[in-house]
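Scroll down for the structure; my scribbles are underneath it.
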Amino acid sequence: MKILMVLTSHEQLGDTGEKTGFWLEEFAAPYYVFVDAGAEVTLASPKGGQPPLDPKSDTDDAHTPATKRFRDDPLAQQALANTEALDAVDAEGFDALFYPGGHGPLWDLAEDQRSIALIHGFYRANRPIGAVCHAPAVFKNTVDKEGEPLVKGKRVTGFSNSEEEGVGLTDVVPFLVEDMLKERGGDYAKGDDWAEFVLTDGLLVTGQNPASSEAAAKALLGTLSNVQK
C-alpha cells in the first residue's frame, strides 16, 4: 500500500495575529495507523518542507499516545520536515489519499488547484480519499464527472458548527465546514461534540474532529481493502 498524506502550508489564523496550521493528533494518529498496517506513506504540502503546526495541538493537554510516539520518532519528524511540494507529486502509484485537519486547510487546501486536481484524480481512478476535522474543507471546490459537487448526496461529516463555536473561531474562519458541506449538497451528520464520529460513503471517508483521527484512518484502510478486492 502506498498512501499520500497532504498537509496544509497555511499558518496565519485569519487576522488574529495567532498561528495555525495542521493539528498534530490528526496527523500522528493516521500516520501510525498507516505505517503499522505496512503502508508506505508519502507526505506532501502546497509549499513543501516543514508544514506549520498549530501550537495549540502541541500542548500537554492535547497530547495523545500517537503524538507522544511522534515526539520520540526522529524518522517521522524528518519525514514531516521534508514534505514534498504538491507541484512535484504524481498521483500515479498511490492507493489512497488522506488529509489531516487543523484550521490551515480552510485557507489553502480548500482553494488549491493542485489539491483539487489530486482529489479528482483519485476519485475518478476509484481510489479512496479520507479527511478529518477541518480537512473536509478540501472538498469545497471538487466535482464529479458530471460537474456536480463531489459530496452531493453523500454521507459526510467534519468539524461541526457547535465545535467551531466552542473554540471561539466562528467569526475568524473563512467558512464553516458543516455549512459548506451542506451547501454543496452533502448529507451532513455529526456525533456529540469532541466525540469520535466517522462516516464512509463510497470512496469518501470523513471524520468529525481530532478524536476521530485514528478511526478515520482505519476506515480508509477498510475502504481501500474493499476497493482492491
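The values are calculated or read from the model by the stated rules, or taken from the named source; none is laboratory data. Predicted, not measured: the structure shown is a model, and the values here were computed from it. Reconstructed Cβ throughout: ideal geometry from the backbone, glycine too, with neighbour counts over all protein chains shown. Protein only, heavy atoms only, side chains kept; ligands, DNA and RNA dropped before computing areas. Shrake-Rupley method; radii C 1.70, N 1.55, O 1.52, S 1.80 Å.
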Handout entry: Residue count, the range 1-19 (criterion: touching a residue at least 60 places away in the same chain (Cβ under 8 Å), farther than 23 Å from Glu196 by Cβ and not charged (D, E, K, R))
Key = 8
Exercise for the section: Could you please give the count of residues in the range 30-41 that are under 19 Å from Leu86 (Cβ atoms), open to solvent by 20 Å² or more (accessible area, probe 1.4 Å) and either without any contact (Cβ under 8 Å) to a residue 12 or more places away in the chain or within 14 Å of the chain's Cα centre (by Cα) (or both)? Expected result: 1
Completion exercise
Across the range 132-157, the tally of residues that are within 15 Å of Val198 (Cα to Cα) and either in contact with a His (Cβ under 7 Å, 6 or more places away or on another chain) or open to solvent by 50 Å² or more (accessible area, probe 1.4 Å) (or both) stands at 2
Exercise for the section: Go through (1) without any contact (Cβ under 8 Å) to a residue 12 or more places away in the chain; (2) under 15 Å from Pro100 (Cβ atoms) and name the single condition Leu75 misses. Expected result: (2)
Practice task
Would you mind stating whether Asp201 is within 15 Å of Pro128 (Cβ to Cβ) and either surrounded by fewer than 19 Cβ atoms within 10 Å (Cβ to Cβ) or touching an Asp or Glu at 6+ places or on another chain (Cβ under 8 Å) (or both)?
Solution key: yes
Handout entry: Conditions (1) surrounded by 15 or more Cβ atoms within 10 Å (Cβ to Cβ); (2) in contact (Cβ under 8 Å) with a residue 60 or more places away in the chain; (3) closer than 24 Å to Leu199 by Cβ: number failed by Asn126
Key = (1)
Problem - Breaking point among (1) of a type in the set (Val, Ile, Thr); (2) open to solvent by 10 Å² or more (accessible area, probe 1.4 Å); (3) not in a loop (DSSP other than H, G, I, E, B), for Ile119 - result: (2)
Fill in the blank from the handout: Taking the range 89-107 and keeping residues modelled with pLDDT of 95 or more, open to solvent by 30 Å² or more (accessible area, probe 1.4 Å) and farther than 20 Å from Gly202 by Cα leaves Trp107
Practice task
Run Asp54 past the list (1) buried (at least 22 other Cβ atoms within 10 Å of the Cβ); (2) touching a strand residue (DSSP E or B) at 6+ places or on another chain (Cβ under 6 Å); (3) acidic (Asp, Glu) and report the number of the one that doesn't hold.
Solution key: (2)
Practice task
Examine the range 129-148 for a residue that is over 24 Å from Pro52 (Cα atoms), over 13 Å from the mean Cα position of the chain (by Cα) and of a type in the set (A, V, I, L, M, F, W, C), and state whether such a residue exists.
Solution key: yes
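Yes/no per residue for (1) in contact with a Gly (Cβ under 6 Å, 6 or more places away or on another chain); (2) of a type outside the set (D, E, K, R):
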site: Pro149; (1), (2): yes, yes
site: Arg155; (1), (2): no, no
site: Val167; (1), (2): no, yes
site: Phe175; (1), (2): no, yes
site: Tyr188; (1), (2): no, yes
site: Ala195; (1), (2): no, yes
site: Glu214; (1), (2): no, no
site: Ala217; (1), (2): no, yes
site: Leu224; (1), (2): no, yes
Exercise for the section: Return the pairs, sorted by first residue and then second, in which the second residue is part of a helix (DSSP H, G or I) and modelled with pLDDT of 95 or more, the first residue lies in the range 163-191 and is within 16 Å of Leu106 (Cα to Cα) and open to solvent by 60 Å² or more (accessible area, probe 1.4 Å), the beta carbons are less than 8 Å apart, and the residues are 6+ apart or on different chains. Expected result: Pro174/Leu106; Arg184/Phe139
Completion exercise
Restricting the range 73-88 to residues that are under 11 Å from Ala28 (Cβ atoms) and not small (Gly, Ala, Ser), the one most open to solvent (accessible area, probe 1.4 Å) turns out to be Gln77
Practice task
Restricting attention to the range 204-220, report how many residues are surrounded by fewer than 23 Cβ atoms within 10 Å (Cβ to Cβ) and in contact (Cβ under 8 Å) with a residue 40 or more places away in the chain.
Solution key: 2
